[in-house]
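Taking it in order: structure first as structure tokens, then the write-up.
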Amino acid sequence: MAGVRVTAVDWQRASNGTAHHTQEYPCPELVVRRGQSFRLTLELSRALDDEETLIFTVETGPGASEALHTKAVFQTSEAEGGDAWTAVTEAETENTLTVSLTSPPDAVIGRYLLSTRASSRRKHSNRKLGEFVLLFNPWCPEDDVFLASEEERWEYVLNDSGIIFRGVEKHIRAQGWNYGQFEEDILNICLSILDRSPSYQDNPATDVSHRHDPVYVTRVISAMVNSNNDRGVVQGQWQGKYGGGTSPLHWRGSVAILQKWFKGRYKPVKYGQCWVFAGVMCTVLRCLGIATRVVSNFNSAHDTDRNLSVDKYVDSFGRTLEDLTEDSMWNFHVWNESWFARQDLGPSYNGWQVLDATPQEESEGVYRCGPASVTAIREGDVHLAHDGPFVFAEVNADYITWLWHEDESRERVYSDTKKIGRCISTKAVGSDSRMDITGLYKYPEGSRKERQVYSKAVKKLFGVEASGRRTRIRRAGVRSLWRDDLLEPATKPSVTGKFKVLEPPVLGNDLRLALCLANLTSRAQRVQVNLSGATILYTRRPVAEILHESHAVRLGPQEEKKIPITIPYSKYKEDLTEDKKILLAAMCLVTKGEKLLVEKDITLEDFITIKVLGPAMVGVAFAVEVTVANPLSEKVEDCVLMVEGSGLLQGQLSIDVPSLEPEERASVKFDITPSKSGPRQLQVDLVSPHFPDIKGFVIVHVAPAK
């Protein structure tokens, strides 16, 4: 009798896609998740006889082998196995066979080749049936990435848009981001990111064999999203100059970035800053099936010397001395959290893990960060893999200001304005609101538990007992470690100061503020006030000075005085960065040598509104009205609306805006025809060569087609 052959395959993409929550992937091959069965119907050249079974082979990556768990050979049987690939016959007719294939819940993820042959005495060669893609499975309780809540799975795996929080602690702004993990080619690009990694290039078979482990995969992606050690996806730039590339604030999502990298033959895309790295990594990890969210930390420490303090050196006007200040405190920093079990650390450290693709410091010789267990950070277990000390410092370091004298001595200056690690934020599940998750990272500020954790972290980092919250470990150069026991805070001065905004700070307007000084004593005091102001990047790096003045103030007993400050638009307009941020500083030199530094970070406000006119339905055009304002006191031309939204538009839409008179408002209407139902994020940016981008977004609820 002639050998039995498979003549056709029905991959049952629709029913498998629904069962595996993969129906949104537009790629030609079947996409399924591990640890869960999927069905195929095979047409055979003849019926199988009683003695015959089908033998299946699945393999992934070069040099696939059963020893590396990148290849499996298994035959149809009546029962499902637990730890191995299985095939179960579900239905059989004369010449068709429906089989259910199941992968183990710890199978290697990636693109597989499936082939089959019939078992018989004669040796038949395998027939290739085609390729399929296997992903992580947050719906499978045995998978390390299992997430129990359906609402959270929808938000952190399936939602293709989100919100990234930026700004300053007192003025947090929401920015829309299009993750677009189900857009054309994105899954293919995400898999190719793994194949471009140095570990794959060095030893492909071994690298692929590790892709069952979310700890390994996320650490590789964390390194590959930046371009510092490899031809990774995004090139960082923090100098405020973006020639030859795209300003980080012009990106509205990950899709254009990933497609540009892929089509440009893996040339890093210019340019990114922290929220761009986090947005791209969120896309890649959601696409591969790992629940991931974007997290913003306000007043985020970048502690270069791992001494748990950010040391800022200033001159007598409170201006940062860049050549002395290596540490920094960013207005905000954005990273990712992914949800998975830590088989390497033990079950207490399962759950959210910090991952950060922004290239700040090297980890084992490569610019990457994480995964670091959020629980380990909260409990001070900074010795655990990976990069606990750096993340712990980001949310727990002390901010210390030093006045640098011309004789190269330094003096501690009292400054109570900044606390590190505030308002740690992420988008709430199922809504656009901000969820504060600071409590996941640390115990309440000043509590006994917080002090215990801090002491524990110091001991783990430096092997010394902390004798108080402010114990400091200092490095003198790199050769010796010396301990500056109980670095006491600077003496609290007898004068307090605070900047007060007198009018909302609006882009294009003069800024009006006051420095409010109060004498806390019953004796008169003289205060020398040295004021400075600079446009800054969100890393608080100064760009250009826009204010420099001194005032001699006499304060009577218990007296309060206001020093008015005006910064004309003409003074800051040339040097304002796209971050739209200004830092004011007042160094107050009080009688008897007391010194007080007062600082204020200002983000300039702007205006855009987006209205959806009428109901939205798949395949039916609906109108959108966008109202914008010229923020300047001069006429502007060449303004454009840039519009983007997964499931609403193919790619980006560019709409010209009529010329705008000074401070004039104008409305622009346009039509959109959605291609997908459900909540969809529409982003609209007003782009002009005359002022920084003005960004807005709205959620559109799209009904299915009738």
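Structure notes:
- Note on Leu324 and Lys170: the extension gain reaches 52.6 nm, defined as 0.36 nm multiplied by sequence separation minus the Cα-Cα distance.
- Net charge contributed by nearby residues that have their C-beta within less than 10 Å of Gln181 (K/R +1, D/E -1): -2
- Highest-first arrangement of 294-304, 24-34, 149-159, where packing means the average Cβ count within 10 Å: 294-304, 24-34, 149-159
- If the convex hull is drawn through the Cα atoms of segment 232-292, its volume per residue in Å³: 78
- Full-extension gain in nm, Ser677 to Asp436, via 0.36 nm per residue minus C-alpha separation: 83.8 nm
- Cα shape, segment 223-382, gyration tensor, a/c 1.5 rule: oblate
- Only lysines eight or more places from Lys71 in sequence, or on another chain, were considered; those with a Cα closer than 24 Å are Lys123, Lys128.
- Gained length - Glu361 relative to Thr18, 0.36 nm times residue gap less alpha-carbon distance: 119.3 nm
- Estimated FRET transfer efficiency when R0 is 56 angstrom, pair Leu158-Asp50 (beta carbons, to 0.05): 0.80
- Residue-averaged 222 nm ellipticity for the chain, from DSSP H runs of 4+ at -39500 (n - 2.57), nearest 500: -4000 deg cm²/dmol
- Computed FRET value (nearest 0.05) for Val501 with Lys592, which takes r as the C-beta separation and R₀ as 30 Å: 0.45
- Taking a ≥ b ≥ c as the square roots of the eigenvalues of the Cα gyration tensor, segment 538-628 is prolate, since a/c reaches 1.5 or more and a/b is larger than b/c.
- Glu637-Trp404 FRET efficiency (beta carbon distance; Förster radius 41 Å; 0.05 resolution): 0.30
- Packing-based ranking, highest mean first, of 270-282, 230-242, 667-679, 628-640 given that Cβ atoms within 10 Å are counted: 270-282, 230-242, 628-640, 667-679
- Overall Cα dimensions of segment 126-218, principal axis frame, Å, largest first: 62, 32, 27
- Between segment 254-278 and segment 630-704, the Cα center-to-center distance that results, in Å: 22
- Spatial offset of segment 135-195 relative to segment 41-72 amounts to 33 Å, using the alpha carbon center of each.
- All lysines inside 22 Å of Lys460 as judged from Cα atoms, apart from same-chain residues fewer than 8 positions distant: Lys442, Lys449
- Centre separation in Å (Cα based) which lies between segment 586-612 and segment 335-366: 34
- Ranked by the mean number of other Cβ atoms within 10 Å per residue, highest first, peptides 387-397, 187-197, 520-530 order as 387-397, 187-197, 520-530.
- Share, in percent, of DSSP beta bridges within the chain that are antiparallel, nearest 5: 90
- Proximal charge balance of Ala524 [Cβ under 15 Å; K/R count +1, D/E count -1]: +2
Read the figures in this text as sums done on the coordinates, not as results from a lab. Keep in mind the model is a prediction, meaning the values are calculated, not measured. Every residue, glycine among them, receives a Cβ derived from its backbone with ideal geometry; neighbour counts consider all protein chains shown.
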